[in-house]
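Engineer: Quick one: this structure, given as structure tokens, is what I'll be asking you about.
Each value in this text was obtained by applying a stated rule to the coordinates, not by laboratory testing. Predicted, not measured: the structure shown is a model, and the values here were computed from it. With ideal geometry, Cβ positions are generated from the backbone for all residues, glycine too; neighbour counts draw on all protein chains shown.
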Amino acid sequence: GENVEQHPSTLSVQEGDSAVIKCTYSDSASNYFPWYKQELGKGPQLIIDIRSNVGEKKDQRIAVTLNKTAKHFSLHITETQPEDSAVYFCAAISGGGGADGLTFGKGTHLIIQP
Amino acid sequence: DTGVSQDPRHKITKRGQNVTFRCDPISEHNRLYWYRQTLGQGPEFLTYFQNEAQLEKSRLLSDRFSAERPKGSFSTLEIQRTEQGDSAMYLCASSQALRGAYNEQFFGPGTRLTVL
């Protein structure tokens, strides 16, 4: 089955700086990679996703890049703000038609220092 | 509110008791997923339904766990003879299946289970 590794486990950045979180996956058949943000006591919230036929996707201050050859993908947050503080999870899905469940990384606790 | 809802939000039970959780997906979504999340970890997939059919189960889903989605709308997850190791957050997600496409999964707030 799929295995997703996520680094770092904790990331502290100054407000206004950029943050980068990296993930690797093991199953070359995986072709959908979402990122979730989870705040304390809440369920994960989908913030951006990328499919394997695309190398990069951007949505305002958030971007995701995918390198299929190296089997890794990254989340980039620019101009970080205090409300960006949360735990971020990467995930991957393999199989056809979105039938399988998501395999998640262990999460990155992002801390935005004022 | 048109998001995924779960009930109850918190459940405390004694070891050996049975518990049941409910999930109401986003109304037009035909796929419903259950995940379990323990402290400091990412969610782990348990099972999923397309309409009322349960199409996949993880090997994490022991025979003490059973899930149903009788009318293809809400779903229930029952844990029988609970053990302390069952303490976790149980998350439900839903998506709208589109042929040949991967579909965004939207999560509910979760049910936090504590087994004493």
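Engineer: Can you tell me which residue is farthest from the chain's Cα centre (by Cα) among those in segment B:81-102 that are within 14 Å of chain A (Cβ to nearest Cβ) and within 25 Å of A:LEU40 (Cα to Cα)?
Structural biologist: If we filter segment B:81-102 for residues that are within 14 Å of chain A (Cβ to nearest Cβ), which is where we start, we get B:88-102.
Cutting the leftovers down to within 25 Å of A:LEU40 (Cα to Cα) gives us B:88-95.
Details: B:ALA88: 12, B:MET89: 10, B:TYR90: 6, B:LEU91: 5, B:CYS92: 4, B:ALA93: 7, B:SER94: 10, B:SER95: 13 Å.
Residue satisfying both the conditions and the ranking: B:SER95.
Engineer: Looking at B:GLU78, is it surrounded by fewer than 14 Cβ atoms within 10 Å (Cβ to Cβ), assigned to a strand (DSSP E or B), away from chain A (no Cβ under 11 Å) and of a type in the set (Asp, Glu)? Before the answer, list the steps.
Structural biologist: Working: surrounded by fewer than 14 Cβ atoms within 10 Å (Cβ to Cβ): yes; assigned to a strand (DSSP E or B): yes; away from chain A (no Cβ under 11 Å): yes; of a type in the set (Asp, Glu): yes.
So B:GLU78 fits the description; yes.
Engineer: Tally the residues that are touching a Leu at 6+ places or on another chain (Cβ under 9 Å), in contact (Cβ under 8 Å) with a residue 60 or more places away in the chain, more than 10 Å from chain B (Cβ to nearest Cβ) and within 13 Å of A:GLY105 (Cβ to Cβ), restricting the search to segment A:12-63.
Structural biologist: Final tally of qualifying residues: 2.
Engineer: Okay, moving on. Which condition breaks for A:GLN113 when tested against (1) of a type in the set (S, T, N, Q); (2) surrounded by 13 or more Cβ atoms within 10 Å (Cβ to Cβ); (3) away from chain B (no Cβ under 14 Å); (4) touching a residue at least 60 places away in the same chain (Cβ under 8 Å)?
Structural biologist: The single condition A:GLN113 does not satisfy is (2).
Engineer: Can you pull out every residue in segment A:7-63 that is among the hydroxyl-bearing types (Ser, Thr, Tyr) and surrounded by 14 or more Cβ atoms within 10 Å (Cβ to Cβ)? Break it down into steps so the answer makes sense when it comes.
Structural biologist: Filtering segment A:7-63 for residues among the hydroxyl-bearing types (Ser, Thr, Tyr) gives A:9-10, A:12, A:18, A:24-26, A:28, A:30, A:32, A:36, A:52.
Correct list: A:THR24, A:TYR25, A:SER26, A:SER30, A:TYR32, A:TYR36, A:SER52.
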